[in-house]
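Enquirer: One structure coming up, written as structure tokens, with questions to follow.
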Amino acid sequence: MPHDVILRGGHVTDPVNTRDGVFDIAIDGGRIAAVGHSLGPAREEVDASGLHILPGIIDTHVHLSSWLGGAAGHRMLARAGVTTALDMAGPVASVMDLAARHGTGLTLACIDYVRPGHTVDTANPLTDELRDHLARARAEGAIGLKVLGGHFPLTAEATARVIALCADEGAHVAFHAGTLDTPQDMRGLRQAVDLAAGHPLHLPHVNAYVRGTQDHILTETREACDLLEAHPNIWSESYLAPFNGNSAKCANGIPESVATQRNLVKGGFDPTAKGMEAAILAGWAHVHMLRDGENHLAVGEAALEAFRAAETDIGCSFHVNPPEARINLAVMKRANGRFAIDALATDGGGIPRNDLCDRGLALVALNALTLADFVVKTSVEPARMMGLPTKGHLGVGADADITLIDLARRRAVSSFGGGQPILRDGVVVGQGATILCPPEAEAALQAKGLSTIPTPPFQFRPLQPTF
Ligand SMILES: [Zn+2]
């Protein structure tokens, strides 16, 4: 019997299976069927000579809701070589609707935000209200909850309740550090570690807390790594882009997000809609403008027009991430040899910074990471973090999630998700989406046209290996 597909003669880098050399890879029924030499025959041959074949890139921090440019995000992620992604905020209903309409063949999971006035009544929800929200979010397809401390903070006590509830219920929980009494900086990071109280926690974009506001930035970087090393209940990721990503949406003339307000002040602008307009014209606030089906950063008159046309409901980014933190956090290791920050993510998706290949492989070009290190940070550890043993490697029987890259150009060329092409020679060809969802959400998501993989409680709950 011929194989479904053979990728012929690419350089395979698969650290889990200690493979690093030129091989053929055969795919059957969506899984890796064989890795070897002179495999064949196959119904479809892909010439991978000159390319590197990596386990499919998993981005553990993206945004794919209408709130953050999600309609375009699917195409942006596919072009960036991503095959699996975790939406880090929801709202889950919007993420699922957009995935059904704009999907490009990715496997996705979503956690839903705990947001005062939106999903909970106040900034101090009690456990019963949180439990109701989690049940609702799960029914709609989310595998857990996100506390958006830096944008829409809760009280410290309520934040701790969310984390404890998710531990109890086996739900994934992520916390953008920051509470009503503590800002999103090193103080927020220290508090986050305390509030987790030993429970599993996904700590997103560590670089966003390390901006040198409390101490020398390298001292902060070191402290962040030491804190995470001392708390193996916490999985973490950081990103490499100099730009952050916020919502510019204003209510009553004021940006809704406290992070957006803070970044306006940082650039010398009023934390108001008027201040936002001035910042866009001055080139400090970059608006996420849609062009050719993808979001791009834009400033000046055209960007101001887009901000007004969207009635302020548009993404924006500020150049606030210093290189000392984002580069060191990407490469530093612990005493046991694991990376200080488990995963390299992007906080991208609809936010225009899907740069794992572009900026991540620049670290490989600098010999700051090996290519195997890059795979560990963009596929192996993310798969562990998401409880997905059939992803993150290319052993026989693994999901045929594969990213083919042009290492010299730092670009994804082609990719497969479950053996189906997502990206072919730089062109997005994938469709639909496969959702890692609670079993109770499967029927509703399938009715929308989405594929589903049942993901019961506790599977997706991050627990660090103890080695
Ligand atoms: Zn984010």
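Enquirer: Provide the net charge surrounding L329, with neighbours chosen by a C-beta distance below 12 Å and charges set as Lys +1, Arg +1, Asp -1, Glu -1.
Expert: After counting each charged neighbour, the total is 0.
Enquirer: Which peptide among 67-74, 129-136 comes first, and what is the full order, when sorted by highest mean count of other Cβ atoms within 10 Å?
Expert: 67-74, 129-136
Enquirer: For the stretch 197-217 and the stretch 231-257, compute the distance between their C-alpha centroids and round to whole Å.
Expert: Here the two parts' Cα centres lie 12 Å apart.
Enquirer: May I ask you to list the lysines whose Cα is less than 19 Å away from that of K333, ignoring any residue fewer than eight positions away on the same chain?
Expert: Straight-line reach from K333, under 19 Å: K377.
Enquirer: Further question on the same structure: Starting from the Cα of K249, draw a straight line to each of the lysines and keep only those under 16 Å, dropping any in the same chain fewer than 8 residues away.
Expert: The qualifying lysines are K274.
Enquirer: Dipole size in debye (nearest 20) for the chain around its Cα centre, Lys and Arg Cβ +1, Asp and Glu Cβ -1?
Expert: Here the size comes out at about 460 debye.
Enquirer: What ³J(HN,Hα) values, in whole Hz, does the Karplus curve 6.51 cos²θ - 1.76 cosθ + 1.60 give for the stretch 357-367 when θ = phi - 60°, with x put for Gly and Pro?
Expert: Running phi through 6.51 cos²θ - 1.76 cosθ + 1.60 with θ = phi - 60° gives 6, 4, 7, x, 6, 5, 5, 5, 4, 7, 6 Hz.
Enquirer: Going highest first, how would you order 253-259, 282-288 by mean Cβ packing within 10 Å?
Expert: With the highest mean Cβ count within 10 Å placed first, the list reads 282-288, 253-259.
Enquirer: Something else now. Using only alpha-carbon positions, what ratio does the radius of gyration of the chain give when scaled by 2.2 N^0.38 Å?
Expert: The chain yields a ratio of 0.93.
Enquirer: Still on this structure: Out of F23, G395, L227, whose Cα points farthest toward the positive end of the dipole of the chain (charges: +1 Lys, Arg; -1 Asp, Glu; placed on Cβ)?
Expert: F23
Enquirer: Label points 7 Å out from Cα along the Cβ direction at V396 and R308: separation in nm?
Expert: 6.5 nm
Enquirer: Quote the FRET efficiency, to the nearest 0.05, computed for R136 versus R334 with a Förster distance R0 of 25 Å and r equal to the Cβ-Cβ distance.
Expert: With R0 = 25 Å, the Cβ-Cβ based efficiency is 0.10.
Enquirer: Treating only the Cβ of Lys, Arg, Asp and Glu as charged (+1, +1, -1, -1), what charge dipole size does the stretch 324-384 show about its Cα centre? Round to the nearest 20 debye.
Expert: Dipole about the Cα centre, nearest 20: 180 debye.
Enquirer: Here's a follow-up. Suppose we take every Cα in the stretch 244-318 and form the convex hull; what volume per residue is that in Å³?
Expert: Cα-based convex hull of the stretch 244-318, divided per residue, equals 69 Å³.
Enquirer: Expressed in nm², what is the orientationally averaged projection area of the convex hull enclosing the Cα positions of the stretch 1-59?
Expert: Quarter of the Cα hull surface area: 4.3 nm².
Enquirer: Would you work out the charge dipole size for the stretch 285-420 about its Cα centre, treating the Cβ of every Lys and Arg as +1 and the Cβ of every Asp and Glu as -1, and quote it to the nearest 20 debye?
Expert: 600 debye
Readers should treat all values here as calculations from the given coordinates under stated rules, not as data from a laboratory. Computed from a predicted model, the values in this text were never measured in an experiment. Because the Cβ atoms are built from the backbone with ideal geometry, glycine has one as well, and the counts that use them run over all protein chains shown.
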